[in-house]
Structure formats: structure tokens, C-alpha cells
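**Student:** Attaching a single structure in C-alpha cells format; questions to follow.
The values are calculated or read from the model by the stated rules, or taken from the named source; none is laboratory data. Keep in mind the model is a prediction, meaning the values are calculated, not measured. All Cβ positions, even for glycine, are placed from backbone atoms using ideal geometry, and neighbour counts span all protein chains on display. Surface accessibility is based on the protein's heavy atoms, side chains included, excluding ligands, DNA and RNA. Shrake-Rupley method; radii C 1.70, N 1.55, O 1.52, S 1.80 Å.
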Amino acid sequence: MQGIYEPTYRVKKAWGISPRALKSHGITTVLADLDNTLVAWNKPEGGDDFFVWHEKLSDAKINLIVVSNNSTGRVKKAVKALGVPFESWSLKPLPRGIKKTLRDFNLSKEEVIMVGDQIMTDIVAANLAGVRSVLVKPLIETDGFPTRINRYFAKLVTKNKKENWEDDIVDPK
């Protein structure tokens, strides 16, 4: 059984997750954290990699929905140019935001995957909600104060685990 702190996959960057791999796993919708997953936490708008990845997902008919603990205004500003739907104030690590998104968009757990850079919020929420997850490396090395606390505790729970970072979703051997 997968532990609460264990992601289904580990991929270096969100944009490394190919639509082909997602489709091969039956994924129709990507739920993604915002800060340090899609955009730098200290930058209010997304960068080129985010825009290009969104376009590739759209071309493959894979939806992207942001599930963030941030305020509505912060998330709206970051995704405005792309028109990406979002769930703000999601209260991760509680599964509330993910479950609400599943209900609101009439999605099954089997067709979604949660992508995020934090074990203590994104991965725990995904596991509690019963959906697959992808842990990605943070886009930048710095974090806001609450995230630094989360990363400290994440190091404690993963202290003796070997981390294999893939370029795309790869099933464990």
C-alpha cells in the first residue's frame, strides 16, 4: 500500500509530463498546484513553459485545472491569460479542494492526476482524495515562510527514501 506521503510518480518538472504518457494512463484532466509547480511563487504570472505545456495538453484534449491554497485573486491573476479553471482556498493537505473539483467537473478519480511540488500539501491531499499524484521539483529554490515549514517536515518523513526523478511519467519497475 502506498503511504500518505508517497507520490505515485516523481517527475523533474510539470512540463516534462507528456500528454502521451497521461493518455496512456487514462488521464483526461490534470489537477495542478500553482506556486513553484506552474509558476514561481514570487511571480504572479506564468512563464513560457507553463503556456507551452498548457497548449500541448489542450491539443491532446487533456484539461488542466489549478487546485491551489492561494487566494482567488492570486490564482485568477496567474491563470487569466490561459482561461484555466481553478479551485482556490483548497485547504490542502485536506482533500477538500480536490474532491470539490471532482464533483464540480463531474470527474472520476481514475481520470485525474494531481501535480504538485510539496509532499505535505499536494501529495497528502491527493492520497487522501484517492487520486494519483506527481511530485515535481520546485521551479525555484526559495519559498514563502509557510512552505519552508512544510519542506522541513517533508524532509523528515522522506529522510531515508531514495528519490528517483524521471523526465516523464514512468511506471515503477
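**Student:** Grab the other residues whose beta carbon is less than 13 angstrom from that of ARG96, score K and R as +1, D and E as -1, and report the net.
**Tutor:** On the way: positive: LYS92, LYS99, LYS100, ARG103; negative: GLU87, ASP104.
Value of the local net charge: +2.
**Student:** Using 0.36 nm per residue of separation minus the Cα-Cα distance, give me the extension gain between ASP49 and LYS12 in nm, one decimal. Could the numbers behind the result be given before it?
**Tutor:** Values: separation 37, 0.36 × 37 = 13.32 nm, distance 1.33 nm.
That works out to 12.0 nm of additional length.
**Student:** Compute the length gained on full extension between LYS61 and LYS23: take 0.36 nm times their separation in residues and subtract their Cα-Cα distance, giving the result in nm to one decimal. Mind dumping the intermediate values first?
**Tutor:** Values: separation 38, 0.36 × 38 = 13.68 nm, distance 0.95 nm.
Taking 0.36 nm per residue and subtracting the Cα distance, the gain is 12.7 nm.
**Student:** Arrange the residues ASP49, ASP117 by how much accessible surface each exposes, largest first, with a 1.4 angstrom probe.
**Tutor:** Numbers: ASP49 90, ASP117 5 Å².
Sorted by accessible area, descending: ASP49, ASP117.
**Student:** Please list, in order along segment 17-25, the HN-Hα scalar couplings obtained from phi with the Karplus expression 6.51 cos²θ - 1.76 cosθ + 1.60 (θ = phi - 60°), rounded to whole Hz, x for Gly and Pro.
**Tutor:** Going residue by residue, I get 7, 7, x, 4, 5, 4, 4, 5, 9 Hz, with x marking Gly and Pro.
**Student:** I've got another one for you. So how do GLU55, GLU111 rank on accessible area, 1.4 Å probe, biggest first, that is with the largest at the start? Write out the running numbers ahead of the final one.
**Tutor:** On the way: GLU55 115, GLU111 45 Å².
Greatest to least solvent exposure: GLU55, GLU111.
**Student:** Can you grab the distance from the C-alpha centre of segment 46-69 to the C-alpha centre of segment 112-134, Å, no decimals?
**Tutor:** If you average the Cα positions of each part, the centres end up 17 Å apart.
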